[in-house]
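**Q** Right, I'll just put the structure down here and ask away after.
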Amino acid sequence: MLSIKNLHASIEGTPILRGINLEVKAGEVHAIMGPNGSGKSTLASVLAGREEYEVTEGEVFFQGKELLELSPEDRAREGVFLAFQYPIEIPGVSTTNFLRTALNQVREYRGLEPLDAVKFLSLMKEKMALVEIDQKLLSRSLNEGFSGGEKKRNEIFQMAMLEPVLSILDETDSGLDIDALRIVSNGVNKLKSKKSATIVVTHYQRLLDYIVPDFVHVLYKGRIVKSGTKELALELEEKGYDWIKEEVDSTATV
Amino acid sequence: MSTLTKSTFVSGLFEVLPNTFSSLRQIGKENFYVQGFPSLKDEEYKFTPIAKKLETGLTNFSPAIPVIISAEQINKAVPTGFEGVVLVFSNGKFLPELSSSVDGLTVNFLSKNESTPIGSIAKAEKDPFVALNQATFIDGICISIEKKKEITLPILLLQFHQAAEGQVISPRIWIEAGDFAKASFIDYSISLDNSPYFVNKVVEIKGGIHTDLTYHSLQEENNQVIQVNALVTDIQQDSQFTSTQITLSGDLVRNNLTLNLLGSNSVGNMFGIYLLNGKTHVDNHTNVDHTLPHAESNELYKGILADQSRGVFNGKIFVRQAAQKTNAFQQNNNILLSEDAIINTKPQLEIWADDVKCSHGCTVGQLDEEALFYLQARGIDKTTARGLLLYAFAGEVLEKIELESLRNFITTKIQERLGSKF
């Protein structure tokens, strides 16, 4: 479904990603872990199409299409969803209004009829239950004055509404207490299917107790330096990242 | 003040004056000649080169005569869903045969009612444009609202403008509301074609005690029009006055808004949106004068400026020594969409009382790129996303418009603009 080949990206001339290779198939959950500053969030941003990053080398295929050629909105319409690490507060735009605009643009792109107000509302009610989010919250300005947990739940709610093929969760666990973490993870798990895939970007293993990955990759200095199964995450939790850093840095100097 | 701006090129205006209000016109003329058109050296016109614009932009400084207005033109101009009184004007002249009325409302020509104390609220000695209007207005109207009358229907003043190259239109409006009266006005000015002209309008509003008056002004004239609008109002005790100023186009627009809070427990609200593109220049000067204790003023102006447009905002709050327990709030926020757009914004507070709450703030920024990306990342195209964000920015002011048909009308206009040009 997703094929990343030798991806290099930089911001304002500073290289951040230095040759990422990754294959993600339908039905899989991949965790991307790594120390701070390793390029995890950059990878998520580049896939979603954030303009500040310049892709200097490599290619990304998503369901056979060259993802990097597409605008951010077309990536979303093709089925890529980025759950933001820091969801943006947008005063004056209600979640409901914004999501209806988004959903209908996505549906139009996919050749589907727009949803009328009634159908949209019933879809919303169904998905709201998934992340235990209150309707009152959704009629308020998008993320404005939301708590950390509410913002993250809103991200997963949006994901549920847009039914993506590939979901990228960027540090979705940051700033969540254990209850919120459980609710958010439950939502993500319920949305998983054989046709969709998930990339979980996280610093901590904790989230992976809830969203169990098929593969774990460690990112360091802009490359995937180690891949394994969920046991690798447990090992990282126990031993930290230093041993991997040493391993990589020592081979690099040889 | 150059001698050129004082004399020669305006003389055409003074040639044939109506024989009504003759002493008042004389006072206006004298005051105009004393003050002249303000130059850029005048602090109040520092950023708005009105004199230069008038000298170079107008070749025919003479009064415009009314043109014929058709029923179709009126139907086209009235907002969809609008239910209320319509007063039709052509180049400042009231057309009673095309207008409607309602119980409690009286509309008269000023020429038929020379006892109207025009000039007592908007004072010729304080403003050269008010002076010029006072000297040269052709006719005007006085609108009275009966004491204790709450007029629930909005009153729409449809101002059609069409003048030959560079003529002057000088509307003059006097509004008087008896004690406990309530009314809401919409002053909508429209160009009938694309020729340049100069509108120099004066609106005076005198409210009794315990009145609730709203004056919306929607400016959508062609991009060759120069206009100066003065709205001056005296607000008595326990009264509320709200001004909403929406400017969507024009060449050079200057709005002078003055609220005199003359009683305790009075409230003055000043809201505005300017949505500018091309080379439009809009200058909003507001002035609120707190004279007695326990009065309140609220001000919120929002600007969106594209292309080479220019905005000026100057908000003066004057709190006199007697005006203890004053609450005065002022906010002006701007989004610049191009590198060539300019905004000059200035709060100006003069506070002589020592127990007051005053706040002010102005911001100038660009469209939030992070927010734009967030919306795009959910599948919304860039144009729509920009429109959504800009609309949300202006929305805070639109929400203040209580009249639903007007709010929808303006909302649609703004959305159309934001969806296309911006």
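The values are calculated or read from the model by the stated rules, or taken from the named source; none is laboratory data. If you're wondering where the values come from, they're calculated on a predicted model, not measured in any experiment. Note: ideal-geometry Cβ built from the backbone for every residue, glycine included; neighbour counts use all protein chains shown. Note: areas computed on protein heavy atoms with side chains; ligands, DNA, RNA excluded. Shrake-Rupley method; radii C 1.70, N 1.55, O 1.52, S 1.80 Å.
**Q** Tell me, please, whether a residue that is outside any strand (DSSP E or B), more than 15 Å from the chain's Cα centre (by Cα) and closer than 25 Å to B:Ile343 by Cα can be found in the stretch B:263-278.
**A** yes
**Q** Also, I was wondering about something else. Tell me which residues, restricted to the stretch B:45-72, are open to solvent by less than 70 Å² (accessible area, probe 1.4 Å) and assigned to a helix (DSSP H, G or I).
**A** Selection gives B:Tyr45, B:Ile50, B:Ala51, B:Lys53, B:Leu54, B:Glu55, B:Gly57, B:Ala71.
**Q** Within the stretch A:199-225, can you find the residues that are open to solvent by less than 60 Å² (accessible area, probe 1.4 Å), farther than 17 Å from A:Lys25 by Cβ and not β-branched (Val, Ile, Thr)?
**A** Passing the criteria: A:His203, A:Gln205, A:Leu207, A:Leu208, A:Leu219, A:Tyr220, A:Gly222.
**Q** In addition: Pick out, from the stretch A:66-131, the helices (runs of 4 or more DSSP H) lying fully within it that include 3 or more residues that are closer than 17 Å to A:Ala160 by Cβ.
**A** Once the helices (runs of 4 or more DSSP H) in the stretch A:66-131 are filtered for at least 3 residues that are closer than 17 Å to A:Ala160 by Cβ, what remains is A:95-109, A:117-130.
**Q** I've got another one for you. Hey, can you tell me all the residues within the stretch B:216-260 that are open to solvent by less than 10 Å² (accessible area, probe 1.4 Å) and under 16 Å from B:Ala177 (Cβ atoms)?
**A** Once the filter is applied, which keeps residues that are open to solvent by less than 10 Å² (accessible area, probe 1.4 Å) and under 16 Å from B:Ala177 (Cβ atoms), the stretch B:216-260 yields B:Thr233, B:Ile235, B:Ser239, B:Phe241, B:Ser243, B:Leu259.
**Q** Filter the stretch B:49-87 down to the residues that are among the β-branched types (Val, Ile, Thr) and within 18 Å of B:Tyr197 (Cβ to Cβ) and list them by number.
**A** B:Ile50, B:Thr56, B:Thr59, B:Ile65, B:Val67, B:Ile68, B:Ile69
**Q** Yes or no: the stretch B:398-408 includes at least one residue that is within 13 Å of chain A (Cβ to nearest Cβ), farther than 30 Å from B:Leu292 by Cβ and surrounded by fewer than 16 Cβ atoms within 10 Å (Cβ to Cβ).
**A** no
**Q** Restricting attention to the stretch A:69-79, does a residue exist that is more than 9 Å from chain B (Cβ to nearest Cβ), closer than 26 Å to A:Val24 by Cα and either of a type in the set (Val, Ile, Thr) or over 18 Å from the mean Cα position of the chain (by Cα) (or both)?
**A** Looking for residues that are more than 9 Å from chain B (Cβ to nearest Cβ), closer than 26 Å to A:Val24 by Cα and either of a type in the set (Val, Ile, Thr) or over 18 Å from the mean Cα position of the chain (by Cα) (or both), one finds at least one in the stretch A:69-79, hence yes.
Matching residues to (1) among the acidic types (Asp, Glu); (2) surrounded by 18 or more Cβ atoms within 10 Å (Cβ to Cβ); (3) free of Cβ contacts under 8 Å to residues at least 12 places away in the same chain; (4) not in a strand (DSSP E or B):
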{"site": "B:Ile74", "(1), (2), (3), (4)": "no, no, no, yes"}
{"site": "B:Val88", "(1), (2), (3), (4)": "no, yes, no, no"}
{"site": "B:Ser100", "(1), (2), (3), (4)": "no, no, no, yes"}
{"site": "B:Asn108", "(1), (2), (3), (4)": "no, no, no, no"}
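**Q** Scan the stretch B:339-369 for residues that are surrounded by fewer than 15 Cβ atoms within 10 Å (Cβ to Cβ) and either within 12 Å of another protein chain (Cβ to nearest Cβ) or not polar (S, T, N, Q) (or both) and jot them down.
**A** B:Glu339, B:Asp340, B:Glu350, B:Trp352, B:Asp354, B:Asp355, B:Lys357, B:Gly361, B:Gly365, B:Glu369
**Q** OK, next. Any chance you could count how many residues in the stretch B:124-171 are open to solvent by less than 10 Å² (accessible area, probe 1.4 Å) and among the polar types (S, T, N, Q)?
**A** 4
**Q** Which residues, taken from the stretch B:258-279, are of a type in the set (Ser, Thr, Tyr) and closer than 18 Å to B:Ala122 by Cα?
**A** Listed by number, the list holds a single entry, B:Thr258.
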